[in-house]
Each structure stands twice: as structure tokens, then as C-alpha cells.
Amino acid sequence: MEIRDAVEADAGRLADLADSPPDVMRNLVHDRTVRVATDGTTEGIVGFVSYDAKRGTVHVTQLAGSTDACERLLDEPITFAERERMDVELLVPDGESAVEAAVEATGFTRTGQGPRFEGKPTVRYRLEPSRAEQ
């Protein structure tokens, strides 16, 4: 599995993975840091992560793919957060077991309920790599 920057041409596949319109994914590629996991075969993209940083925290805005792909993709915002001495937060929609397994496997701590998105409850997770070095 290889990780690379997303490009606009990836929007269709990202839309499939996120169950979102391609235009939304095209905007995501332009507005956030987006990394994709590829399997090196004709399947191409098997997962993606998008994130941004503000006020001392890296916010993972979307994460999709298999558990393995999500674990590898989470290394991207975590490494950025460690380098910048920031924490990482993300919300996992209820029922996304592959994402939840990856989040827990990479050391995130469940910190409570998040807001509802499209009527679905979410769970808030946090990782504090900036605290580990102190």
C-alpha cells in the first residue's frame, strides 16, 4: 500500500468511498490536505484521509477505506501533529466499524459523543502526541 497526495482527478473515487458528490470531493482536494492510499493494482485508491489544522489541533475531517488503509492514512495527520506539537481530533459516524477499529488501533481515546451529522450520531476521538513528549 502506498500513500500519496490526492489530485483533482481522484474526486470520483473519493466520492464513491465517502458516498458524497464528486464536486464536494473536488473542493475537498483543493481546500484541505488530502492523502490517498493506493493498493498498486487496477483498483487504485482504497482509502483517503483529509485534515486541516487550527488553534493547536489537527482536525481529521474525513477518513474512509478499509481498517488497514485507515490505519496507514492516520499516520499522516499524526506525524504532522507530532512535528507541530499539536493534538489530533476526529469524529467517527456511528456504524463505521472499519474506521472506528483503525482509530482505536492507532491510539486515539474516545472522549464522548460528537454532534449529529445527517441524523447520525458521532463519537469524538482525541490523540495527544504533543503531551507524550513533555
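Throughout, read-outs are computed from the coordinates displayed, never taken from laboratory work. Just so it is clear, the structure is predicted and the values come from calculations on it, not from any experiment. Using ideal geometry, Cβ is built from the backbone for each residue, glycine included, and neighbour counts are taken over all protein chains shown.
In the stretch 1-61, which GluC sites (Glu not before Pro) are in a loop and have at most 15 other Cβ atoms within 10 Å, using DSSP for the loop call? List each step's numbers first, then the result.
Details: sites: E2, E8, E43; in loops: E43.
Sites meeting the loop and neighbour criteria: E43.
Under a no-solvent Debye model with one identical scatterer per Cα of the stretch 22-65, what's log10 I(q)/I(0) at q = 0.21, 0.27, 0.28 Å⁻¹?
Scattering profile of the stretch 22-65, log10 relative to I(0): -0.73, -0.98, -1.01.
Along the Cα→Cβ direction, 7 angstrom out, place labels at T61 and D23. What is the inter-label distance in nm?
With each label point 7 Å from Cα toward Cβ, the separation is 1.7 nm.
Report, by chain and number, residues whose modeled amide H sits under 5 Å from the one on M86, excluding near sequence neighbours (fewer than 5 apart, same chain).
When sequence neighbours closer than 5 places are left aside, the close amide H contacts are S130.
What are the residues whose amide H is under 5 Å from the amide H of V46, where those residues sit 5 or more places off or on another chain and H is modelled from the backbone?
Hits under the 5 Å cutoff: A37, T38, D39.
Average projected area of the Cα convex hull of the chain, in nm²?
Working: hull surface 32.0 nm².
So the mean shadow area of the Cα hull is 8.0 nm².
Identify the trypsin sites (Lys or Arg not before Pro) of the stretch 21-59 meeting these criteria: DSSP loop state and at most 10 other C-beta atoms within 10 Å of the C-beta. Walk me through the numbers before you get to the answer.
Numbers: sites: R26, R32, R35, K54, R55; in loops: R32, R55.
Answer in residue order: R55.
What list of ³J(HN,Hα) couplings, whole Hz, do you get for the stretch 12-26 from phi and the Karplus terms 6.51, -1.76, 1.60, once you set θ to phi - 60° and write x for glycine and proline?
x, 5, 4, 4, 4, 5, 9, 6, 10, x, x, 4, 5, 5, 4
So what's the back-of-envelope 222 nm ellipticity for the chain, counting only DSSP H runs of four-plus at -39500 (n - 2.57) apiece and dividing by all residues, rounded to 500? Can you show the working numbers first?
Values: 5 runs with 49 residues, N = 134.
After summing the helix terms and dividing by residue count, I get -10500 deg cm²/dmol.
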